[in-house]
Amino acid sequence: MTADRFESADVVIAGGGFAGLALAIALRQGLGDSFKVVVADPALGKSRADDPLRRSASAASARASAIAAAARRLFKTIGVWDKIADDAQPILDMVVTDSKLQDAVRPTYLTFAGEIEPGEPFAHMIENHLLLDALVERANAEGVELRAVAVANFAAGANRIEVRCADSPRCRAGVADGASFTAKLLIAADGARSAIREAAGIHSHGWNYRQSGIVTTVAHERDHHGRAEEHFLPAGPFAILPLKGRRSSIVWTEERHEAERIVALPDQAFHDELERRFGLRLGEIEAVGPRHAYPLGLAVARSFVAERLALIGDAAHVIHPIAGQGLNLGLRDVAALAEVIVDAARLGLDPGGPDVLERYQRWRRFDTMAMGVATDGLNRLFSNRSDALRLVRDVGLGLVDRAPALKRLFIREAAGLTGEVPKLLRGEAL
């Protein structure tokens with residue numbers, strides 16, 4: 001790299017999504033004003049000069065997310081949850097069915113209900129743009145420096161990493177014309193197609209499914225009463241996830257070419273396809289949000305760390321949405337990495353040192369692989385047209401439904417409260 005005037009920072013986070021912003025807030029809260037955290041993301045746009053950096057509400061899409069109990073505790077601890085609690089819909093119970101699309105009746109094979117703790121549901125649903133707005137607001141309040149630039153290139157040294165940012169598309173060609181930083185650690189939170197992961201030479205292993213996920217928001221005539229439904233159909237799961245009001249978020253898995261066809265349909269034809277899967281339990285329905293389809297796959301980075309570099313969120317792993325754990329898995333990364341950085345810094349150790357990063361990797365990689373294998377297995381078990389497999393899985397679901405202790409274990413796993421749980425996910429400040 002050529003000589004530049006570098007700003008000094010402790011940590012630079014590339015990516016201003018859920019994971020990157022949550023980590024930045026947690027680090028500032030744990031280590032105070034003297035610990036400088038920069039979040040670089042071109043999607044962080046400036047409004048008026050006297051306004052804070054924020055994401056525009058116009059970026060809102062059809063996407064909503066399931067926030068598991070442990071993730072809710074993290075957001076509560078870092079001061080974000082209270083800003084969105086009124087907009088978050090608790091999931092009070094869940095039913096699972098298994099049938100063919102043309103079946104007149106969809107028998108329920110498994111139900112989940114109850115709370116993790118008194119008054120604490122195992123999950124909530126929240127629209128993504130509301131959560132992002134709250135995270136940006138909190139990051140500003142904590143003194144996180146939000147820069148509307150992209151990390152263009154970087155070079156790790158013995159004691160620091162040099163990070164060059166770009167505020168134009170030329171960064172894709174490796175040309176940096178924005179800010180430059182020296183930091184102790186660079187964190188890649190820049191999504192599934194992480195340019196930083198690729199530049200670091202970290203390969204991922206996994207595969208693409210011949211499926212796409214269709215997402216949209218549906219308004220319905222009757223109240224959902226906080227019930228989530230997952231209908232296993234031969235092409236893949238069709239999930240109905242309750243939102244505030246008489247609305248639900250749809251995550252609808254189809255074979256890829258069929259998903260493309262469905263998303264491109266005229267409104268009435270799309271409604272007819274939707275209603276065939278949604279059913280009439282909640283009365284008349286209407287798609288009230290944009291509809292999108294995105295390809296599904298499994299990918300886990302071969303390493304979550306490199307020299308003065310750590311991966312979190314989708315930059316480290318992408319899994320099938322069948323269990324609704326994608327965002328929550330990334331927040332487990334956030335909680336673990338924040339804890340190891342804060343512990344190291346308080347002891348006077350280098351937060352970007354190899355021992356610190358290896359502790360993070362040991363903590364997170366096995367859990368991530370286990371979740372990836374589990375979601376892959378579930379998808380293969382349920383997304384097929386085999387009557388023999390359908391019989392086996394339905395017997396299995398029925399047995400689980402009759403085993404309260406096993407159901408409680410599954411609920412706690414889905415809530416993110418099993419294994420070695422980081423402090424933030426337990427609701428404890430760093």
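The values are calculated or read from the model by the stated rules, or taken from the named source; none is laboratory data. Predicted, not measured: the structure shown is a model, and the values here were computed from it. FYI the Cβ positions are ideal-geometry reconstructions off the backbone, even for glycines, and counts take in every protein chain you see. Surface areas here come from the heavy atoms of the whole protein model, side chains and all, with no ligands, DNA or RNA. Shrake-Rupley method; radii C 1.70, N 1.55, O 1.52, S 1.80 Å.
Things to note:
- Trypsin sites (Lys or Arg not before Pro) restricted to region 242-287 and DSSP loop, no more than 10 other C-beta within 10 Å: none
- Selection from 80, 366, 239 lying farthest towards where the dipole of the chain points positive, charges on Cβ: 366
- DSSP beta bridge pairing in the chain, given as percent antiparallel to the nearest 5: 75 percent
- Å² of accessible area per residue within region 1-41, as computed with a 1.4 Å probe and no ligands counted: 35 Å²
- Helix 354-382 axis, angle to the chain major axis (alpha carbon atoms, nearest 10°): 20 degrees
- All-pairs Cα distance distribution in the chain, expressed in whole percent, bin size 10 Å: 4, 21, 31, 25, 13, 5, 0, 0
- Around the amide H of residue 233, modelled in the peptide plane, lie the amide H atoms of 238, all under 5 Å away and 5 or more residues distant in sequence or on another chain.
- Sites matching GluC sites (Glu not before Pro) across region 290-395 that sit in DSSP coil, with at most 16 neighbouring C-beta atoms within 10 Å: 307
- Across region 312-321, rounded Karplus estimates of 3J(HN,Hα) from the backbone phi angles (6.51 cos²θ - 1.76 cosθ + 1.60, θ = phi - 60°) give 9, x, 5, 5, 9, 6, 10, 10, 5, x Hz, Gly and Pro being marked x.
- Dipole magnitude of the chain, debye to nearest 20 (Cβ charges: Lys/Arg +1, Asp/Glu -1, about Cα centre): 540 debye
- Summary of the geometry: region 194-235 and region 243-260, compared by the centres of their Cα atoms, lie 9 Å apart.
- Sorting 322-329, 79-86, 191-198 by average packing, meaning the other beta carbons within 10 Å per residue, from highest down gives 322-329, 191-198, 79-86.
- Using only side-chain charges placed at the Cβ, +1 for Lys and Arg and -1 for Asp and Glu, the dipole size of region 193-319 relative to its Cα centre rounds to 420 debye.
- Each residue of region 299-304 was assigned a 3J(HN,Hα) from its phi angle through the Karplus expression (A = 6.51, B = -1.76, C = 1.60, θ = phi - 60°), giving 8, 10, 4, 5, 9, 8 Hz with x at Gly and Pro.
- In degrees, nearest ten, helix 18-31 long axis to first principal axis of the chain (Cα): 50 degrees
- For the chain, with all protein chains in place and a probe radius of 1.4 Å, 53% of the accessible heavy-atom surface sits on carbon or sulfur.
- When the helices of the chain are scored as -39500 (n - 2.57) per DSSP H run of n ≥ 4 and the total is divided over every residue, the value at 222 nm lands at -10500 deg cm²/dmol.
- Cα-based helix-to-principal-axis angle, 404-414 vs the chain, degrees rounded to 10: 40 degrees
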